[in-house]
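Below: the structure, in structure tokens.
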Amino acid sequence: MKEKLNEIKIAALEKLNQVSDLQALESLRVEILGKKGELTQILKGMGSLSKEERPVIGQLANEVRSEIEAKLETVKTAFEEKLRRKTQGRNY
């Protein structure tokens, strides 16, 4: 499960670097973190882990989620800033 979490993180961060607009960003967010997202599916499977494994995998899953969410926010802010500059440029 650790390997799968790391695969999800690496793939998500790569995809986030290639996103071209806010709509694609939102679609990617849902694909990864949504109700039926990849990471959510892993978290649902944690019940099958031993009680010793759960805290370790849970902590790793939370770290992966946090990293992905931080990157999502960074990319979103960059798109919004770009859009704001574009809009302001038209006002002059």
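Which members of region 47-92 meet the condition of being more than 11 Å from the chain's Cα centre (by Cα), hydrophobic (A, V, I, L, M, F, W, C), open to solvent by less than 80 Å² (accessible area, probe 1.4 Å) and closer than 22 Å to Asp21 by Cβ?
Passing the criteria: Ala78, Phe79.
With the structure loaded, tell me whether Leu16 is surrounded by 13 or more Cβ atoms within 10 Å (Cβ to Cβ), of a type outside the set (Asp, Glu), in contact with a Phe, Trp or Tyr (Cβ under 6 Å, 6 or more places away or on another chain) and within 21 Å of Ala78 (Cα to Cα) or whether it fails that test.
No, not satisfied.
So, in region 1-33, exactly how many residues are assigned to a loop (DSSP other than H, G, I, E, B), aliphatic (A, V, I, L, M) and under 20 Å from Glu80 (Cβ atoms)?
Residues that pass the stated criteria total 1.
From the list Lys86, Lys51, which one is of a type outside the set (Asp, Glu), farther than 22 Å from Glu14 by Cβ, assigned to a helix (DSSP H, G or I) and out of contact with any Leu (no Cβ under 6 Å at 6 or more places or on another chain)?
When all the criteria are applied, what remains is Lys86.
Please state which one of Val56, Val64 is in a helix (DSSP H, G or I), among the β-branched types (Val, Ile, Thr), in contact with a Lys or Arg (Cβ under 6 Å, 6 or more places away or on another chain) and closer than 17 Å to Asn6 by Cβ.
Val64
Given the criteria outside any helix (DSSP H, G or I), without any contact (Cβ under 8 Å) to a residue 40 or more places away in the chain and open to solvent by 100 Å² or more (accessible area, probe 1.4 Å), does Lys36 qualify?
Values: outside any helix (DSSP H, G or I): yes; without any contact (Cβ under 8 Å) to a residue 40 or more places away in the chain: yes; open to solvent by 100 Å² or more (accessible area, probe 1.4 Å): yes.
Criteria met by Lys36.
The values are calculated or read from the model by the stated rules, or taken from the named source; none is laboratory data. Predicted, not measured: the structure shown is a model, and the values here were computed from it. In this analysis, Cβ positions are derived from the backbone assuming ideal geometry, glycine residues included, and neighbour counts consider all displayed protein chains. In case anyone asks, the SASA skips ligands and DNA or RNA and just uses the protein heavy atoms, side chains included. Shrake-Rupley method; radii C 1.70, N 1.55, O 1.52, S 1.80 Å.
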